[in-house]
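Undergrad: The structure is given below, and queries will be raised subsequently.
Bear in mind these aren't lab numbers, they're just calculated from the coordinates by the rules spelled out. Computed from a prediction, not measured in an experiment: that's the story for all the values here. When we count neighbours, we look across all protein chains shown, and the Cβ atoms used for this are built from the backbone with ideal geometry, even at glycine.
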Amino acid sequence: MKMTMRWFGPGFDPVTLEKIRQVPGIYGVITTLYGKQPGEEWKKDEILDLKEKVQNAGLVIAGIESVNIHDSIKTGGKDRDKYIENYIKTLEALAQSDINLVCYNFMPVFDWTRTDLAKVLPDGSTTMSYDQKIIDNIDPAKMFELIDSKSDGFILPGWEPQRMERIKELFQMYEGINEDALFNNLVYFLKAIKPVCSQYGIKMAIHPDDPAWTVFGLPRIVTNKQQLLNIINAVDNQYNGITLCTGSLGSNPQNDIPDIIHSLKGHIHFAHVRNVKHNSPGNFEESAHLSSEGSLNMYSIMKALYDIGFKGPIRPDHGRNIWGEVCVPGYGLYDRALGLSYLSGLLEAISMTNL
Ligand code: DNO
């Protein structure tokens, strides 16, 4: 497995590449052109420029998170082919820059959703949390204001202000789109990009919906083992894979993550490994990575990844905010570095006892 950390890129991330480089065991970063809007084409020179910055810091780009999908593709809108064409050009430009892993999601309107970005924990650190009762009683536009007001001025992935200005219009686009329609639109997209992925060996890794259930009445199609298998089986090709995100899938206690890992063997292209603490049904928070701190058994998760022979990029995910760091919520250096070291330790112990 290749240990990586997410980096939002110059001008967006207060964590520098130089600092990431000093995390022991680090292989590379997972990054993106953060300023790009969904549907916009990425040019090769912009990608190469980003790549050079990463290489100059002694790291590599291990994958892109994310190339976001335009809502017209998700809703099967009349101009979806135009946006798919742009997506294909972007994939070509990435492959021609030797980048062949792309994480994306197919969540309607919002990316991941939290109701508090800075819940205070007993040790004085803060973390992101989710409470379904708040979602059930808030208008989505108000939800954005709440998130935005607590983001310390940083732009959160999927909650970009330009996008949220259009929230009413976005909700209208999804009127009449049920789970079947959303799924068919995903399959249409995957079939359309299949030739370019096959030609260049590009691995597409769909990210699970977070939380792993319906929010604001919007359809969700990536929340459990069966839905993940449906996606893999619909377009069976090596390029069509998943991002195994333990925190997203783990938001639902019904999801048995080691079982999902074994069932998806050969289709996991990328892994986000973090813990989550279930407080009550529909209420959870993002704990520190250790098994003892949350509800997931992190040893079993790492062991399952090891046992299926997963060799791809893996990264710690959302961390708590500790030691007064000023950072993108969930993406400070300190707690993620602790998480990475912990995951590396688990992996070292697992591989040594399996020699
Ligand atoms: C949250 C992330 C997601 C993820 C996208 C992938 O912090 O895990 O924003 O990057 O859903 O497209």
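Undergrad: Can you tell me the mean projection area, over all orientations, of the convex hull of the range 96-236's alpha carbons? Units nm², please. Walk me through the numbers before you get to the answer.
TA: Numbers: hull surface 44.1 nm².
Its Cα hull, projected and averaged over all orientations, spans 11.0 nm².
Undergrad: So which lysines pass the test for K44, namely a Cα distance under 28 Å, with those fewer than 8 places away in the same chain ruled out?
TA: K2, K19, K36, K53, K74, K78, K82, K89, K191, K194, K203, K311
Undergrad: Treating the beta-carbon of each Lys and Arg as +1 and of each Asp and Glu as -1, no other charges, what is the dipole magnitude of the chain about its Cα centre, to the nearest 20 debye?
TA: Working: 35 positive and 43 negative charges, 136 e Å.
Here the size comes out at about 660 debye.
Undergrad: Ignoring everything except DSSP H segments at least 4 long, calculate the 222 nm mean residue ellipticity for the chain; use -39,500 (n - 2.57) per segment, divide by total residues, nearest 500. Write down the numbers at each step before the final one.
TA: Values: 14 runs with 139 residues, N = 355.
One gets -11500 deg cm²/dmol as the mean residue ellipticity at 222 nm.
Undergrad: Another question, then. Stokes-Einstein at 4 °C, 1.567 mPa s, Kirkwood radius from Cα pairs: D for the chain in µm² s⁻¹?
TA: Numbers: Rh = 20.4 Å.
Approximately 63 µm²/s, per Stokes-Einstein.
Undergrad: Highest first, please rank the peptides 328-337, 343-352, 79-88 by the mean number of other Cβ atoms sitting within 10 Å of their residues. Walk me through the numbers before you get to the answer.
TA: Details: 328-337: 22.2, 343-352: 15.3, 79-88: 17.4.
The packing order, highest mean first, is 328-337, 79-88, 343-352.
Undergrad: Using alpha-carbon positions, what is the distance between the centroids of the range 205-225 and the range 250-320, in Å?
TA: Cα centroid of the range 205-225 versus Cα centroid of the range 250-320: 16 Å apart.
Undergrad: For the range 2-353, what does the relative contact order come out to in percent, with C-alpha contacts under 8 Å and a separation of six or more?
TA: Relative contact order for the range 2-353 comes out at 18 percent.
Undergrad: Could I ask something else about it? List every residue whose amide H lies under 5 Å from the amide H of R6, counting only residues 5 or more places away in sequence or on a different chain, with H placed 1.01 Å from N in the peptide plane.
TA: Under 5 Å from the amide H of R6 lie the amide H atoms of I30, each far enough along the sequence or on another chain.
Undergrad: On to the next question. Checking understanding here: applying a Kyte-Doolittle mean of at least -0.5 and a length along the axis of at least 15 Å (C-alpha), which whole DSSP H helices in the chain pass? Mind showing how you got there, number by number?
TA: Details: long enough: 44-56 (18 Å, -1.26); 80-95 (22 Å, -0.59); 179-200 (31 Å, 0.26); 333-353 (30 Å, 0.70).
Both cut-offs are met by 179-200, 333-353.
Undergrad: Let me know the volume per residue of the alpha-carbon convex hull for the range 17-115, in Å³. Each step should come with its number before you reach the end.
TA: Numbers: hull volume 11.3 nm³, N = 99.
So the per-residue hull volume is 114 Å³.
Undergrad: Could you compute the FRET efficiency for N297 and K133, with r as their C-beta to C-beta distance and R0 at 35 Å, rounded to 0.05? Before the final figure, lay out the partial values.
TA: Numbers: r = 28 Å, r/R0 = 0.79.
Working from the Cβ atoms, E equals 0.80.
Undergrad: If you don't mind, another one. What is the ratio of the Cα radius of gyration of the range 246-351 to 2.2 N^0.38 Å, with N the residue count, to two decimals?
TA: Details: Rg = 13.5 Å, N = 106, 2.2 N^0.38 = 12.9 Å.
Taking the Cα Rg and dividing by 2.2 N^0.38 Å, one obtains 1.05.
Undergrad: Oh, and also: Suppose the chain between K142 and M352 were pulled fully straight at 0.36 nm per residue; how much longer would it get relative to their current alpha carbon spacing? Intermediate results must be reported in sequence, preceding the final value.
TA: On the way: separation 210, 0.36 × 210 = 75.60 nm, distance 5.06 nm.
Answer, rounded to one decimal: 70.5 nm.
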